[in-house]
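These notes concern the structure reproduced below.
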Amino acid sequence: MKKIRKAVLPVAGLGTRFLPATKALPKEMLTVVDKPIIQYVVDEAREAGIEHFIFVTGRNKTAIEDHFDVAVELYDTLSRRGKTEILERLQALQPEPGQTSYTRQQVPLGLGHAVWCARELVGDEPFALLLPDMIMQSEPGCMKEMVELYERTGGNVLAVEECDPSQTHKYGIVGRGKNAHSGFEITAMVEKPKPEDAPSNFYINGRYILQPEIFSLLEDQETGAGGEIQITDAMLRLHAKQPFFAHIYRGRTFDCGSPEGFIKANIALALQQESLKPQVLGFLKDFLDEEGLA
Ligand code: G1P
């Protein structure tokens, strides 16, 4: 069985839900407490043993490349000023030379198309796919648990969570088959079905382990829900030839693709930092009292 060494991170989205904040700034660079969203996702992948990060970018995304680069002048200045703690933290977050690759999705044709743009960089090996809107919080991380499942089952692995049955139209939904380790065998996949057409209420939460045969299925650029080239449709076709397993993720998920999820992530993660907790909690209590919201 081939090890999962590479991760694809599709970061070409325009971030229209966050305008005007995202007019000049990639949405993946919006800050949750003290790190950009994309850093949390890269950290999750790194914890799972990923050695190479493939970013599928678009116009106005150079801030992401700069973020993962060595900032020579900044590091020198911090070093001269004796700010070793923050310097060491920055260096620890930094990928090694040659561990990042960037390619562009020239036209926004959908998630399936973005993944297909990474085909040459992934090559002929299974890979992880992490949608950077989602910050996952668990120990061990979601992708690490998925790699563990993959090492037992092989095939393809998707992380799933349960949603309110009325919300299936927002997600890719899978059908539940026989139990398997931390999840189950997947029997069906539908992108954004109406509740009455959904095979279950288990939704794909944005973490995938896929075999490279997915690329030839994405090649024909067939469009699906919303007129976009959907990864879910290509996975369904791959499912006719290869098994798919669901890992039931039981940690916390913050969907930072929406302003509500982004704000929740900031509040929750701030309250988890000992240095911020007393001040933030005190402020929230006073604010709720003052506004009559308590
Ligand atoms: C994408 C996928 C969908 C998945 C979702 C998770 O949809 O197509 O299957 O459930 O991410 O966030 P999007 O959010 O891009 O519409």
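List of remarks:
- Of all lysines in the structure, the ones whose alpha carbon falls short of 27 Å from that of K6, not counting any fewer than 8 places away in one chain, are K27, K35, K61, K144, K241.
- Axis of helix 84-93 versus longest Cα principal axis of the chain: the two differ by about 10°, to the nearest ten degrees.
- Under 18 Å from the Cα of K23 - aspartates and glutamates, other chains or at least 8 residues apart: E65, D66, D133
- Angle in degrees between helix 259-271 and the longest Cα principal axis of the chain, rounded to the nearest 10: 50 degrees
- Under the convention that each Lys and Arg Cβ holds +1 and each Asp and Glu Cβ holds -1, the size of the dipole of the chain around its Cα centre is about 200 debye.
- The C-alpha atoms of the chain define a longest principal axis, and helix 277-290 lies at about 90 degrees to it.
- Where labels lie 7 Å past Cα in the beta-carbon direction, separation of R152 and V72 in nm: 4.9 nm
- The Cα-based radius of gyration and maximum Cα-Cα distance (Dmax) for the chain are 19.9, 63 Å.
- Cut-off under 5 Å, modelled amide H: who pairs with C256 long-range: M134, I135
- For the stretch 113-197, the relative contact order is 20 percent, taking Cα pairs closer than 8 Å that sit 6 or more residues apart in sequence and dividing their mean separation by the residue count.
- Between C163, C117, C256, the Gaussian network model of the chain with springs among Cα atoms under 10 angstrom shows the greatest mean-square fluctuation at C163.
- Rounded to the nearest 20, the Cβ-based charge dipole of the stretch 43-199 about its Cα centre (Lys and Arg +1, Asp and Glu -1) stands at 380 debye.
- Value of D in µm² per second that Stokes-Einstein yields for the stretch 87-212, Kirkwood Rh from Cα pairs, at 4 °C (1.567 mPa s): 78 µm²/s
- One compactness figure for the stretch 236-283 is 1.88, namely its Cα radius of gyration divided by 2.2 N^0.38 Å.
- Considering only the chain, percent of DSSP beta bridges that pair antiparallel, nearest 5: 60 percent
- Separation between Cα centres of the stretch 10-62 and the stretch 212-289, rounded to whole Å: 12 Å
- Structure remark: mean-square fluctuation, Gaussian network model of the chain, C-alpha springs under 10 Å; the largest value among D164, D233, D133 belongs to D164.
- Kirkwood hydrodynamic radius over Cα pairs of the stretch 1-112, then Stokes diffusion coefficient at 10 °C and 1.306 mPa s, in µm²/s: 103 µm²/s
- What the Kirkwood sum gives for the stretch 1-64 is a hydrodynamic radius of 12.7 Å, with every pair of different alpha carbons counted.
- Using 0.36 nm per residue and subtracting the Cα-Cα separation, the extra length available between A294 and K170 on full extension is 41.5 nm.
Taken together, the values in this text are just the output of simple stated rules run on the coordinates, not laboratory data. What you are looking at is a predicted structure, and each value in this text was computed from that prediction instead of being measured. Every residue, glycine among them, receives a Cβ derived from its backbone with ideal geometry; neighbour counts consider all protein chains shown.
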